[in-house]
Amino acid sequence: MKKIICISLMGMAALAANAQQALWGGSQIVSPEVHENNTVTFRLNAPGAKEVKVTGDFLPTEKIKTPYGEFDGPGAAALTKDEKGIWTYTTPAALAPELYSYTFLVDGLKINDPSNVYMIRDVQSVTNVFLIGGDQRVDLYKISDVPHGTVSKVWYKSPTLGMDRRMTVYTPAGYEEGKDSYPVFYLLHGMGGDENAWTELGRAAQILDNLIAQGKAEPMIVVMTNGNAALQAAPGESSLGFIAPTINLPKTMEGSFETAFPDVVNFIDKNYRTKADKKHRAIAGLSMGGFHSLNISKQYPDMFDYVGLFSAAIMPDQKVSSPIYEDFDAKLKTQFDKKPALYYIAIGDKDFLYDANKQFRQKLDQKGYKYTYLETPEGHIWKNWRIYLTDFAPRLFK
């Protein structure tokens, strides 16, 4: 009898181990390690590797060739191996406060840091992240001990596109318990992104929580749509299943998303306590989302009083034909004749869209159309887009 009980207990232990195997997968190596002086050490246990490098946006940029052209990308630094097979690299200088991303290159193969569970996806790239605080702006990206809003994944019907689609909606702290109505900020992602991009890569919820708690931004609802008109939702989160993320999607920047955007606004106004008028609506976006914001705001000039173009694409491809993009100058004139409360343009000085934005600003200057301009260092990167959000949001609904 005792033998049977012993065997049963052993079987139960084995079953429990298999059922909770993820509990035993941790690493004993600390990586990354942020030191008190803000230098950072990266470590990887790879005794059989011949070469290990770390690549990330904390390193100086270098030219990288891609199928879409040559762009500035993160550089790489070599790790050194000790007698135990542990590879190590410490930054030679302190890193400035920022949210950084990185991966390892092991004999040319890109892998994530097995010692760091914090990762984010940007289109097809999955990278580890770490944050160095101590700066007033960067500390907005942290989860602070303040009242928190709610982030919801919301499905809605789009009659114009003929499908159910998903968006991410941020409601400010106190929304569920209260009866007040709120202004609405529509925040759009770039090419290859989706409705998750601004909360995961852009830290939008943390930024809004902190700005509102500090009294620097008005309490507002923030709506983050999926700007890919052919898709229901983010990759892996729709009826298409675990499809590979890509920027090569149909119905991209050809007018469908802009045409269907009133479906989004109507759903939000019907299902949330909104201040449903122009002076209580804002729209902004990065890259493709800036392109969408530009065209949506001029197509529906009575819908948005606040417009933000973050590293925006400006003109459509010459091969594209859509009523949305026709009569560009006339629609722009109608929009500015109605005197928007804020027309905001921001871009990095090394952004590949810099010249297009410069030409667009020259057009606005020639016409006498008023706008606010912010230029930052570096290029077409999330670091800049987070900066623009922290600067743009406090300007809304004043």
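The values are calculated or read from the model by the stated rules, or taken from the named source; none is laboratory data. These numbers were taken from a predicted model, which means no experiment stands behind them. A quick note on method: Cβ atoms are made from the backbone with ideal geometry, for glycine too, and the neighbour counts reach across all protein chains shown. Side chains are part of the model used for accessible areas, which takes the heavy atoms of the whole protein and leaves out ligands, DNA and RNA. Shrake-Rupley method; radii C 1.70, N 1.55, O 1.52, S 1.80 Å.
Of note:
- The long axis of helix 204-213 is offset from the longest Cα principal axis of the chain by roughly 70 degrees.
- Förster-model FRET efficiency, 25 Å R0, ASN266 and LYS333, C-beta, rounded to 0.05: 0.40
- Amide H partners (placed H, <5 Å) of THR372, local residues excluded: TYR343, TYR344, ILE345
- Computed about its Cα centre, the charge dipole of segment 242-382 is approximately 460 debye, with only Lys, Arg, Asp and Glu carrying charge at their Cβ.
- Mean sequence separation of contacting Cα pairs (under 8 Å, at least six apart), scaled by the length of segment 164-264, corresponds to a relative contact order of 34 percent.
- Rounded to the nearest 20 debye, the dipole size of the chain about its Cα centre is 580 debye, using +1 on the Cβ of Lys and Arg and -1 on the Cβ of Asp and Glu.
- Residue-wise HN-Hα couplings along segment 137-142, as the Karplus relation 6.51 cos²θ - 1.76 cosθ + 1.60 with θ = phi - 60° gives them from phi, are 6, 5, 5, 5, 7, 7 Hz; Gly and Pro carry x.
- Protein accessible area in segment 51-154, 1.4 Å probe - carbon and sulfur %: 55
- Among SER181, TYR156, LEU140 the positive-end extreme of the charge dipole of segment 105-233 (Cβ point charges): TYR156
- Largest GNM mean-square fluctuation across ALA94, ALA230, ALA284, computed for the chain with C-alpha springs under 10 Å, falls on ALA94.
- Helical contribution to [θ] at 222 nm, DSSP H n ≥ 4, -39,500 (n - 2.57), averaged over the chain, rounded to 500: -7500 deg cm²/dmol
- For ILE283, distant residues with modelled amide H under 5 Å away: TYR186, TYR306, VAL307, GLY308
- Sites LYS279 and LEU131 - FRET efficiency at Förster radius 45 Å, r taken between beta-carbons, to 0.05: 0.80
- Under the simplified labelling scheme, the LYS110-LEU249 pair shows an inter-label distance of 2.0 nm, with each label point 7 Å from Cα along Cα→Cβ.
- Here the peptides 80-89, 44-53 are ranked by packing, the mean other Cβ count within 10 Å, and the order with the highest first is 44-53, 80-89.
- Between the residues SER239, GLY348, GLY192, the greatest Cα displacement towards the positive end of the dipole of the chain, with unit charges on the Cβ of Lys, Arg, Asp and Glu, is found for SER239.
- Summary value for the chain: 12 percent relative contact order, contacts being C-alpha pairs under 8 angstrom separated by 6+ residues.
- Rounded to the nearest 10 degrees, the inclination of helix 256-271 to the longest alpha-carbon principal axis of the chain is 80 degrees.
- Nonpolar atom fraction for segment 260-361, defined as the carbon and sulfur part of the 1.4 Å probe accessible area, stands at 47 percent.
- Matching label, volume of the Cα convex hull per residue in Å³ computed from the structure shown, candidates [x] 200; [y] 164; [z] 134: [x]
- Nearest-ten-degree value, helix 382-392 long axis tilted from longest Cα axis of the chain: 50
- Considering only PRO60, PHE304, THR39, and ranking their Cα positions along the charge dipole of the chain that arises from unit charges at the beta-carbon of Lys, Arg, Asp and Glu, the one farthest toward the positive end is PHE304.
- Test item: Cα-centred dipole of segment 317-373, Lys/Arg +1 and Asp/Glu -1 on Cβ, debye: 240
- Accessible area of the chain divided out per residue, in Å², using a probe of 1.4 angstrom: 50
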